[in-house]
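The values are calculated or read from the model by the stated rules, or taken from the named source; none is laboratory data. All figures in this text were calculated on a predicted structure; none of them were measured in a lab. Don't worry about glycine lacking a Cβ; one is built from the backbone with ideal geometry, like all the others, and counts go over all protein chains shown. For the accessible areas, the whole protein counts, side chains as well, though only heavy atoms, and no ligand, DNA or RNA atoms are used. Shrake-Rupley method; radii C 1.70, N 1.55, O 1.52, S 1.80 Å.
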Amino acid sequence: MEELIQKLKVEIIEVLNLEEMEPEDIDSDDPLFGEGLGLDSIDALELIVLLEKNYGIRIEDPKDGRKIFFSVRTMAEYITENQK
Amino acid sequence: MEAYIRGIGNISPQNSWDNADFPGETVLYDNNRLKCIEPDYKEFIKPIQMRRMSRTLKMGVAAAGKCLRDAKVEMPDAIIVGTGLGMMQDTEKFLTAIIDNDEKFLTPTSFIQSTHNTVGAHIAVMLKCNKYNLTYVHDSISFEEALLDSLIRIKEDHSEKILLAGIDELTDDYFTIANNVGFWKKDINGNTDLLNHNSSGSIAGEGASFFIVSGEEQPDNYARFAGVDIFYKPTSDDETENFIREFINSRGLELQDIDLVITGMNGDMVGDNVYKRMQKRLFDKTPTAYYKHLCGEYYTSSAFAAWLGVMILKTQRYPDDIFINDHKPSGPVNNILIYNQNNNTNHALTLLSAC
């Protein structure tokens, strides 16, 4: 799990162009949206594409997004549970 | 129709960010590609906003910010932009993603920002400006179209303060593709060598030139746009000559009132011959300059020429290496004619006058 979390942090920094940010700057349990990392709706779309492109996971119900993308850890957990 | 210039913000391959240094030393390039000297964007763009911006978008937003600050204008009444190619970097990124990912997994950011009006729209979003916002895309006369629209609006309402711009970027892919079709000279030793070859092609460039224009006369205005006109595909040199004469006369001036002509000579022998023939017919004794060795060739390079003209009128100083004939201004420079044409097809004239 920790390995996947680290990998996700690197990918998030890359796809969202979080310049001047290192993986260790992102707390695995902090909220990605709002007060945590401060991501917005366009970032959410980028993360949906990241899951599909890099992990082959398609989010069928958009309502699940809020839970899946709460933090890097919840993303990693969802990937672990759903990756074929 | 005329408009006073109250503020400027210019990013180019020259040191044009800080106008206090004008004209400064010409920045030399030893190849056929001139890239903008970019400022520190942090002064104008928050890091969280900057991460999604392409290089040109950053240039546009920063130049707009500097221009507004220079004019002491917080909210413009209109944003009017001219661009030949729009946001090339994001367009290329989006198209490359389509190919690489077999038309799947397309992410939104580069698509959203791949449109021609991205710069104007982004400035409006940042300023929360929901007023008139238009982008003109028309080959080498894109900036002149934007200027014409600005002048029409100011004629209707003198108090309007319009953010006017010309912006284009040079990406690696565009440079390569244009190079393959012979747009750029291959045998050139640098930008100051531009007119020394009897060959086709020019040198590549880019830039972001912003102006705040208004109908209100102020003591600290830089200069004024005293007119602009566009002429399509002349059938003879006589037609072109008449177009230029009529343009000048219609502004209440005679040929001898023009103190400096800034031509769009770019080193391409076919295109430059058009300028040379007009110079011989009309401006044989008038100081005549060029500017594309300073900024390179791009669709809205005439916006850089406008910046150059404005700075000459304001400071009465000029770079020494811009003249293409033996004449230099013998007295004050009050009227500058910018003459730009592309392949003898789109001819554009802009008259700049001192305040």
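If you count only protein heavy atoms with a 1.4 Å probe, what accessible area per residue comes out for region B:236-297, rounded to a whole Å²?
41
So what is the relative contact order of chain A, in percent, for Cα pairs below 8 Å that sit 6 or more residues apart?
In percent, rounded to a whole number, it is 34.
Using only alpha carbons, build the gyration tensor for region B:223-353 and give me the equivalent ellipsoid semi-axes, biggest first, whole Å.
Numbers: eigenvalues 79, 58, 40 Å².
Its equivalent ellipsoid spans semi-axes of 20, 17, 14 Å.
Per the 1.4 Å probe, what fraction of the accessible area of chain B, in percent, lies on carbon and sulfur atoms? Don't skip to the end; give the middle numbers.
Details: 7100 of 14760 Å².
Of the solvent-accessible surface of chain B, carbon and sulfur hold 48 percent.
With unit charges on the beta carbon (Lys/Arg positive, Asp/Glu negative), name the residue among A:49, B:273, B:122 whose Cα is farthest towards the positive pole of the charge dipole of the protein assembly as shown.
B:273
Would you list B:238, B:100 from the most to the least accessible area, probe 1.4 Å? Show your work: numbers first, answer last.
Working: B:238 90, B:100 115 Å².
Order by accessible area, largest first: B:100, B:238.
Rounded, prolate or oblate: which one fits region B:1-136, using the alpha carbon gyration tensor with axes a ≥ b ≥ c (rounded when a/c is under 1.5, else prolate when a/b beats b/c, else oblate)?
On the way: a/c = 1.98, a/b = 1.31, b/c = 1.51.
Note, shape of region B:1-136 comes out oblate.
Would you mind computing, in nm to one decimal, how far apart the modelled labels at residue B:276 and residue B:256 are, each placed 7 Å from Cα along Cα→Cβ?
About 2.8 nm, to one decimal.
Give, as a single signed number, the net charge of other residues whose beta carbon lies under 12 Å from the beta carbon of residue B:215, with Lys and Arg counted +1 and Asp and Glu -1.
Result for the local shell: -2.
Hey, got the dipole for the protein assembly as shown? About the Cα centre, +1 on K and R Cβ, -1 on D and E Cβ, debye to the nearest 20?
So the magnitude is around 960 debye.
Kindly report, to the nearest 10 Å², the accessible surface of residue B:116 as traced by a 1.4 Å probe over protein heavy atoms only.
80
Order B:153, B:281, B:69 by their accessible area, 1.4 angstrom probe, all chains in place, largest first.
Ranked from most to least accessible, the order is B:69, B:281, B:153.
Rank B:12, B:114, B:142 by mean-square fluctuation in a GNM of chain B with C-alpha springs under 10 angstrom and give only the top-ranked residue.
Maximum among the listed residues: B:114.
Using protein chains only and a probe of 1.4 angstrom, how many square angstrom of residue A:10 are accessible, to the nearest 10?
Counting only protein heavy atoms, residue A:10 exposes about 80 Å² to solvent.
Could you state how much accessible area is buried at the B-A interface, both sides summed, with a 1.4 Å probe, in Å² to the nearest 100?
1200
Using protein chains only and a probe of 1.4 angstrom, how many square angstrom of residue A:79 are accessible, to the nearest 10?
Using a 1.4 Å probe on the heavy atoms, I get roughly 0 Å².
To the nearest 0.05, what FRET efficiency results for residue B:177 and residue B:134 with a Förster distance of 35 Å applied to their C-beta separation?
The value I calculate is 0.80.
Given the options B:48, B:262, B:11, which has the most mean-square fluctuation in a GNM of chain B, springs set between C-alpha atoms less than 10 angstrom apart?
B:48
Once the piece of chain linking residue B:196 and residue B:100 is laid out straight, how much longer is it, given 0.36 nm per residue of separation minus the C-alpha distance between them?
Working: separation 96, 0.36 × 96 = 34.56 nm, distance 4.26 nm.
In short, 30.3 nm is gained.
Short version: which residues of region B:105-124 lose at least 50 Å² of accessible area, all chains versus chain alone, 1.4 Å probe?
Residues of region B:105-124 that lose at least 50 Å² of accessible area once the other chains are added: B:105, B:108.
Averaged per residue, what accessible surface does region B:3-214 expose to a 1.4 Å probe, in Å²?
Per residue, region B:3-214 has 43 Å² of solvent-accessible surface.
Only Cα pairs under 8 Å and at least 6 apart count here; give the relative contact order of chain B as a rounded whole percent.
On the way: 788 pairs, mean separation 87.1, N = 355.
Relative contact order comes out at 25 percent.
Is any helix in chain B, taking whole DSSP H runs, at least 15 angstrom long along its axis by alpha carbon and on average at least 1.0 on the Kyte-Doolittle scale, and which ones? Walk me through the numbers before you get to the answer.
Numbers: long enough: B:55-71 (24 Å, 0.09); B:88-100 (17 Å, 0.00); B:142-156 (22 Å, 0.07); B:237-250 (19 Å, -1.14); B:269-282 (19 Å, -0.93); B:301-315 (21 Å, 1.26).
Both cut-offs are met by B:301-315.
Keeping all protein chains in place and using 1.4 angstrom, which order do B:125, B:81 fall into by accessible surface area, from largest down? Mind showing how you got there, number by number?
Numbers: B:125 110, B:81 0 Å².
Ranked list, largest accessible area first: B:125, B:81.
Over region B:223-353, what relative contact order in percent results from Cα pairs under 8 Å that are six or more residues apart? Could you put the intermediate results ahead of the total?
On the way: 209 pairs, mean separation 53.5, N = 131.
Worked out over region B:223-353, it gives 41 percent.
How large is the helix-only mean residue ellipticity at 222 nm for the protein assembly as shown, computed as the sum of -39500 (n - 2.57) over DSSP H runs with n ≥ 4, divided by its residue count, in deg cm²/dmol to the nearest 500?
About -11500 deg cm²/dmol.
Whole angstrom only: what separates the Cα centroid of region B:284-355 from the Cα centroid of region B:190-211?
Cα centroid of region B:284-355 versus Cα centroid of region B:190-211: 14 Å apart.
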